[in-house]
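Heads up: the structure comes next, in structure tokens.
The values are calculated or read from the model by the stated rules, or taken from the named source; none is laboratory data. Being a predicted model, the structure only gives us computed values, none of them experimental. When we count neighbours, we look across all protein chains shown, and the Cβ atoms used for this are built from the backbone with ideal geometry, even at glycine. The protein model used for the area step is the full one, side chains on, heavy atoms only, and it has no ligands, DNA or RNA in it. Shrake-Rupley method; radii C 1.70, N 1.55, O 1.52, S 1.80 Å.
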Amino acid sequence: MKKAAFHTLGCKVNTYETEVMKSQLKEHGYEIVPFSDTADVYIINTCTVTNIADQKSRQMLHKARKKNPQAVIAAVGCYAQTFKEELIRDHTADLIIGNNQKNRLYELLEEYDASHTLQEAVCDVRQEKDYEPMFLTSTEDRTRAFLKIQDGCNQFCSYCLIPYARGRARSRAVDDVIAEIRTLAEKGFQEVVLTGIHLSSYGMDLNDEKKPLLKEVILAAAEIEGIRRIRLGSLEPNVITEDFIVPLSQCDKFCPHFHLSLQSGSDATLKRMNRHYTASEYYSKCELIRRYFEHPAITTDVIAGFPGETEEEFEETCAFVEKAGFAEMHVFKYSRRKGTRADAMDEQIPDQVKTQRSHRLLEIASRMQQDYLSWYPGRQVEILTEDEILYQGETWRCGHTKEYVKCIVKGCESNRIITGEACKVTENHMLIVH
């Protein structure tokens, strides 16, 4: 029996696609082993969202080659899609598989075994109009399943390569989504996370007379027996409307965890980024969410040091995020990407300044997270239990609330929904629950 090892970089969409590829190889007799083991095949699902992601993708390919020089190495996904020629020159990978081609993994492995020549499957994804059919039959996580329902992006933010790596926005047929959720429910999954590259645009491209939008998929999923929670991946602010929020606030299975990409709190910076909202419009979306949910988790991403970001613009961002009061904020230093409009912009910010600004934002993020968590002690929380972890030398069961707050609790099994009282916030932002 051949052994295959996977390593996934990047987003939750990649996580889903890796699980589908694992399922595919299992069905053809492969044993899936940890990436640290010696394997016959190594599959690296790559990312190209930043220069660091590119670097990590290359590093993992070299690491796999070093671990077993005789193994077949497959570079899959966004870096493979965008930098195919670089991979060919580097002689790192035996298979180069771009996006919308991942379902061909087993087929290409067979072709490589027959010919021992480089196998390429990189189409012009920008011309693709069809959603790549993928269906998850099993996953290593036994509690929460990620489900990709959308691919591609039409936004073309000035700093981003993803529309070139993933192509135009494409949605999965709603019947396929519901069928896969039913299968996952039958396998014992109680929570599904709907993900996509630009999830907010789900359904816009479908030819149905009545286009199913994201709200309809969520509400249809809520009707499936066995599913107890429905969570969303990253959203754009434009999807947050009263028509979207009100039905979700009335759905007991919906998790009030909204990851709304911000990137900057300065209107001038947002315009250079080609983001399609102002800071005040974004804030109104946060207010709308809080009007209908008691203590929702609103989380976000912010870029520090975008080209042309003045001290005044940076201070506007700092003031805005404090006003918004995020439950969690991911901070990224601007990463210059060849082929994007931002790469050609004047007034590139020095790395030292980007570092200083990111540190300032991280300090604010930590304080906001602690403020958000301080609401919980003394209140009842619902937890979906997951793996065991060590905390202060003792074994605890980890889990998450509907708001995706990490909790630890004693004496229960995995994949159970339990209720307890939050007693304390730990130094690393977890809730102790009894």
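Let me know the longest stretch in the chain that avoids all GluC sites (Glu not before Pro) found in a DSSP loop with at most 13 other C-beta atoms within 10 Å.
Counting only loop sites that pass the neighbour cut-off, the longest clear stretch is 1-139.
For the chain, give the share of DSSP beta bridges that are antiparallel, in percent and rounded to the nearest 5; count only bridges with both residues there.
For the chain, the DSSP antiparallel bridge percentage is about 30.
Roughly to the nearest percent, how much of the accessible area of segment 105-186 is carbon and sulfur, given a 1.4 Å probe?
Roughly 46 percent, rounded to a whole number.
Give me the accessible area per residue for segment 19-175, probe 1.4 Å, as a whole number in Å².
Value returned for segment 19-175: 42 Å² of accessible area per residue.
Roughly how many Å is it from the Cα centre of segment 243-295 to that of segment 126-205, as a whole number?
Cα centres, segment 243-295 to segment 126-205: 21 Å.
Using Cα pairs under 8 angstrom and six or more residues apart, how large is the relative contact order of segment 354-434, in percent?
Relative contact order for segment 354-434 comes out at 29 percent.
Beyond 21 Å, what share of the Cα-Cα pairs of segment 72-231 is found? Please give it as a whole percent.
54 percent
Of all trypsin sites (Lys or Arg not before Pro) in segment 364-432, which ones are in loop regions per DSSP and have a Cβ with at most 12 other Cβ atoms within 10 Å?
Arg379, Lys410
Filter Lys12/Lys285; Lys3/Lys102; Lys285/Lys338; Lys187/Lys253; Lys84/Lys338 down to the pairs with a C-alpha to C-alpha distance above 21 Å, please.
From Lys12/Lys285; Lys3/Lys102; Lys285/Lys338; Lys187/Lys253; Lys84/Lys338, over 21 Å: Lys12/Lys285; Lys285/Lys338.
How much mean residue ellipticity at 222 nm does the chain get from its helices, if each DSSP H run of length 4 or more adds -39500 (n - 2.57) and you divide by all residues, to the nearest 500 deg cm²/dmol?
Roughly -10500 deg cm²/dmol at 222 nm, from the helical runs in the chain.
Taking Rh as the Kirkwood radius computed over C-alpha pairs, what is the Stokes-Einstein D of segment 289-341 at 4 °C in a medium of viscosity 1.567 mPa s, expressed in µm² per second?
Estimated via Stokes-Einstein, D reaches 99 µm²/s.
Over the Cα atoms of the chain, how large are the radius of gyration and the largest Cα-Cα distance (Dmax), in Å?
22.0, 65
What is the calculated FRET efficiency for Ser249 to Asp113, with r their C-beta to C-beta distance and R₀ = 41 Å, to the nearest 0.05?
Rounded to the nearest 0.05, the efficiency is 0.15.
So what are the radius of gyration and Dmax for the Cα set of segment 173-308, in Å?
Every Cα atom of segment 173-308 included, Rg and Dmax give 16.2, 52 Å.
Roughly speaking, to the nearest percent, how much of segment 198-320's 1.4 Å accessible area is carbon and sulfur?
Carbon and sulfur: 49 percent of the exposed surface of segment 198-320.
Restricting to bridges with both residues inside segment 81-233, how much of the DSSP beta-bridge set is antiparallel, in percent to the nearest 5?
If I count the DSSP bridges inside segment 81-233, around 15 percent turn out antiparallel.
Rounded to whole Å, give me the distance from the Cα center of segment 414-433 to that of segment 81-121.
With segment 414-433 and segment 81-121 each reduced to a Cα centre, they are spaced 45 Å.
Using square roots of five times the C-alpha gyration tensor eigenvalues, list the equivalent-ellipsoid semi-axes of segment 271-314 in whole Å, biggest first.
26, 12, 9
Would you kindly calculate the translational diffusion coefficient of segment 8-116, applying Stokes-Einstein with the Kirkwood radius from alpha carbon pairs, for 20 °C and a viscosity of 1.002 mPa s, and quote it in µm² s⁻¹ without decimals?
D = 155 µm²/s.
Could you give the C-alpha radius of gyration of segment 108-199 expressed as a fraction of 2.2 N^0.38 Å, taking N as the number of residues it contains?
Working it through for segment 108-199, the quotient is 1.33.
Quick check on segment 318-434: what does the Kirkwood estimate of hydrodynamic radius come out to from the alpha carbon pairs, in Å?
When all Cα pairs of segment 318-434 are included, the Kirkwood radius is 16.7 Å.
Using alpha-carbon pairs under 8 Å, 6+ residues apart, how would you state the relative contact order of the chain in percent?
Normalised by residue count, the contact order of the chain is 10 percent.
Probe of 1.4 angstrom, ligands and nucleic acids ignored: what's the accessible area per residue over segment 201-252, in square angstrom?
49 Å²
With every protein chain present, what is the per residue accessible area of segment 330-434 (1.4 Å probe, Å²)?
56 Å²
Taking springs between alpha-carbon atoms closer than 10 angstrom, which of Asp37, Asp346, Asp176 fluctuates most in the Gaussian network model of the chain?
Between Asp37, Asp346, Asp176, it is Asp346 that shows the largest mean-square fluctuation.
Please give, to one decimal in nm, the separation of the simple spin-label points placed at Cys412 and His330, each 7 Å out from Cα toward the Cβ.
2.7 nm
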